[in-house]
1. Report yes if some residue within region 403-411 is over 23 Å from residue 312 (Cβ atoms) and touching a residue at least 12 places away in the same chain (Cβ under 8 Å); otherwise report no.
2. Inside region 27-36, can you point out the residues that are surrounded by 13 or more Cβ atoms within 10 Å (Cβ to Cβ) and not in a strand (DSSP E or B)?
3. With respect to residue 54, determine if the residue is surrounded by 11 or more Cβ atoms within 10 Å (Cβ to Cβ), at pLDDT 95 or above and out of contact with any helix residue (DSSP H, G or I) (no Cβ under 9 Å at 6 or more places or on another chain).
4. Please state which one of 88, 107, 96 is crowded, with 19+ Cβ neighbours inside 10 Å, assigned to a loop (DSSP other than H, G, I, E, B) and either hydroxyl-bearing (Ser, Thr, Tyr) or outside the structural domain of residue 576 (by TED's automatic domain parsing) (or both).
5. Could you identify the single residue in 601, 514, 563 that is under 32 Å from the mean Cα position of the chain (by Cα) and modelled with pLDDT of 95 or more?
6. Here are some residues: 333, 350. Which one is farther than 30 Å from residue 442 by Cβ, under 29 Å from the mean Cα position of the chain (by Cα) and not hydroxyl-bearing (Ser, Thr, Tyr)?
7. With respect to residue 495, determine if the residue is of a type in the set (A, V, I, L, M), over 15 Å from residue 591 (Cα atoms), touching a Ser or Thr at 6+ places or on another chain (Cβ under 8 Å) and surrounded by fewer than 21 Cβ atoms within 10 Å (Cβ to Cβ).
8. Name every residue in region 295-310 that is of a type in the set (A, V, I, L, M, F, W, C) and either under 19 Å from residue 374 (Cα atoms) or touching a Gly at 6+ places or on another chain (Cβ under 7 Å) (or both), in order of residue number.
Amino acid sequence: MLHIQTQSSDTTILFAARELKRYLEKMSSAPLEIALNQTAAVGDSMLSLGLFADFSLSAEALQDPQSDDAIDIKVEQLNGRIAGSNPRSVLIAVYRFLELSGCCWLRPGKDGDVIPQKDITGLSAVLQDTASYRHRGMCIEGSVSLENMLDSVAWAPKVGLNTYMLEFMLPYLYFDKWYSHHGNPFKEPEPRSIEECYAYKAMIAREIKRRGMTYHDMGHGWTCTAVGLPAELVRPWNAFYPEIEPGVQKKMDKYLAMIDGERKIVHDSPLNTNLCYGNPEVRDIMVDNMLTYCLQHPEVDVLHLWLGDSWNTQCECELCADTTPSDFMIMICNKLDKVLARHKVKTKICFIAYVDTMWPPQNEHLENPDRFMLLYAPISRTYSEPYDDNTEGVVLQPYVRNKLPRPRHVRENIGYLKEWFKTFAGDGLCFEYHFWLDHYFDPGYYAMGKILAQDIRQLEKLGLNGIIEDQTQRAYFPTGFPMYLYGKTLWNKDAGFDALAKAYFAGAFGEDADACLRYMASLSELFDPVYLRGDKGEAVNPGMVEKLARIPALVAAFKPVIDRNLSARDTAVALSWRYLSDHSQMVIMLADALKARAGGDMQAARTYWRQLERYAYALEDQIQPALDVHDFTRSLARLFAE
């Protein structure tokens, strides 16, 4: 009999024990009784789960054991300990022990785990390990169902992620894109109400907290609540509130940013609209609203303060004209810190360097930097080049209200970050977009992984302590390798790209893993993501015509390998091959469209693209857990726009 004992009643550690029991029962090739927190008899096996302190293990090397993850596994013949620096780390340690015992975490969902059948009584593992970076997270984006989100949260700690963010007061937009089936001609809308989506958010937050993950919340939306507009509003902003009450209109007339002499909603979106931050009443209202949110949501570990989600829409009135948005943001932070301290609220606040606030403050400084985190969000960067801390010779543009450029080159973006760190020396992390839309420019899902891995390795040099990816929750088509790489490299920045690729493909594709890896690398090379991003100049490109013309033959040569693996014994491995089979037809269609585009025949290119778009939507129910068809088509459609 195996006994699993926990050294505390902590919810996350108890959950870790249940997860260990569940997977060991699946793994066991022979019946083995497993008991949780029962008295063990002489001769029984014992696995003990707890914190470092429970086993007299030192955490002195960690700056903050509650925030920094470290694990210690010492198991011999199914006897020993699985320990972590905090409850979340214990759960991560359980998954690492299972991984060392042969399990593979390929992607979210019930068919995403490879669980070997073996005699578990001989399982042994010794490992002491510490995460390279403190913040290793995901943020809701894309088109999602509740099931997608719950599966994603459950998968995250399996690959070492420890942070989850639910953007906006209510991420209604992301649920609505799926449930209303935007763009899909084959599905009838099944819209969800705002009330239902609030319930979904609460369910997801409970699962985040059950796993002890750091829960980040909000971001854009404070500009809405300050004038009395609900922060659930999405584009078109009046979808739910077609009439503006007189009291709200009065606030809008007074508090919205003045641009070209008018105070009004920009881009039909309150989330995009900035306020008159020079008006102290506006700053006070924002602080009061954030305080109220913290008091109402004690489960939130980190609350985000972001301004309007648009470039060059700052207030031009005399109260604002001589002060940068970042200076106003720091004023709000300083007042908020005092108010939170007065109410004994310990919630951390994360302010953002993004669009207009990429330019740092000129006069203001944080009075209590320990409360705050800097979120660096270089949304305009290119992904054709990795982070580079060498900014020698880079010319940074001065802040000019509503006339700011969108810095594309990575070194220029890093230059603005370095300017921020001249005024703030606290905890910094990155808000990134590798898995938002850019990953669709790499149908092989291989070349993008190299940029991602290089970015992660550079974080320490940039003064950043991790990443939260603003991403689709379904980034596993054709493979989950880039997301696996993301989690593993954030945990260990020195992990080798090739070694991680070999490990993932072996787990996902079995005996033909090496051939599959070469196939995916070849697809990346022939599609050339640098060209698809527009970073090689004109769309018409004879060289690309030749490369794209080779793709059908590449797919045809590999198709027999796919076909013979579709009936693989392991259901997770079989699903990996099924996704590759679906993907093989789509890449041929995409190659035809892109080849016509590269050859200058846009009429034919658009015809081919519409065929692929329709095919992807027809296939959506089959590939939904792995591919966000809405965002896939949205991203690539830009290449064929009229």
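1. No: region 403-411 contains no residue that is over 23 Å from residue 312 (Cβ atoms) and touching a residue at least 12 places away in the same chain (Cβ under 8 Å).
2. Passing the criteria: 27, 32.
3. In short, yes.
4. Details: 88 fails: assigned to a loop (DSSP other than H, G, I, E, B); 96 fails: assigned to a loop (DSSP other than H, G, I, E, B).
Going through 88, 107, 96 in turn, just one is crowded, with 19+ Cβ neighbours inside 10 Å, assigned to a loop (DSSP other than H, G, I, E, B) and either hydroxyl-bearing (Ser, Thr, Tyr) or outside the structural domain of residue 576 (by TED's automatic domain parsing) (or both): 107.
5. Only one candidate qualifies: 514.
6. Numbers: 350 fails: farther than 30 Å from residue 442 by Cβ.
Result of the check over 333, 350: 333.
7. In short, yes.
8. 300, 302, 303, 305, 306, 307
The values are calculated or read from the model by the stated rules, or taken from the named source; none is laboratory data. Just so it is clear, the structure is predicted and the values come from calculations on it, not from any experiment. FYI the Cβ positions are ideal-geometry reconstructions off the backbone, even for glycines, and counts take in every protein chain you see.
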